[in-house]
1. Of His89, His28, which has the most accessible area and how do the rest follow, probe 1.4 Å?
2. On average, how much accessible surface per residue is there in region 1-104, in Å², for a 1.4 Å probe, leaving out ligands, DNA and RNA?
3. How long is region 17-96 along each principal axis, judged by its Cα atoms, biggest number first, in Å?
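The values are calculated or read from the model by the stated rules, or taken from the named source; none is laboratory data. What you are looking at is a predicted structure, and each value in this text was computed from that prediction instead of being measured. In case anyone asks, the SASA skips ligands and DNA or RNA and just uses the protein heavy atoms, side chains included. Shrake-Rupley method; radii C 1.70, N 1.55, O 1.52, S 1.80 Å.
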Amino acid sequence: MSTVIEQPVEARLVAAAPRMPNIPATLHYDRSDPFAVRMTFPAPATLEGVEVCWTFARELLAAGLRGPEGHGDVRVRPYGYDRTVLEFHAPEGTAVVHVRSGEVRRFLEATSELVPTGREHLQLDLDHGLAELMRDAC
């Protein structure tokens, strides 16, 4: 069984212009980092012309399907019938994208099959992590 899930999604960038352009993005989940998901935007879709990756809690993404969540760099909330809004706040500005809620739900269901919600802690190798910290401290 794979330890990584990647799902392409179609994100719609909210901009000042009346038409919101579609941009490709990828949701990513890795069992070795069980509490986190990543959303990656390819270089052509970013102002800097480099791939941009945001990492945030899987729990934040799930809760944001039901109601507004987040107070930091990443905020998630439902919008309309089948859209989820993700806001990414950085010193350079804020990017707001819409993603189909159904795509987000399918991604979260796949991550839950890999690592059930509430069982993430069982995936952590605390002994290895502690050994790495101690090695770096010397």
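1. His89, His28
2. For region 1-104, the per-residue accessible area is 56 Å².
3. The Cα atoms of region 17-96 stretch 32, 31, 23 Å along their principal axes.
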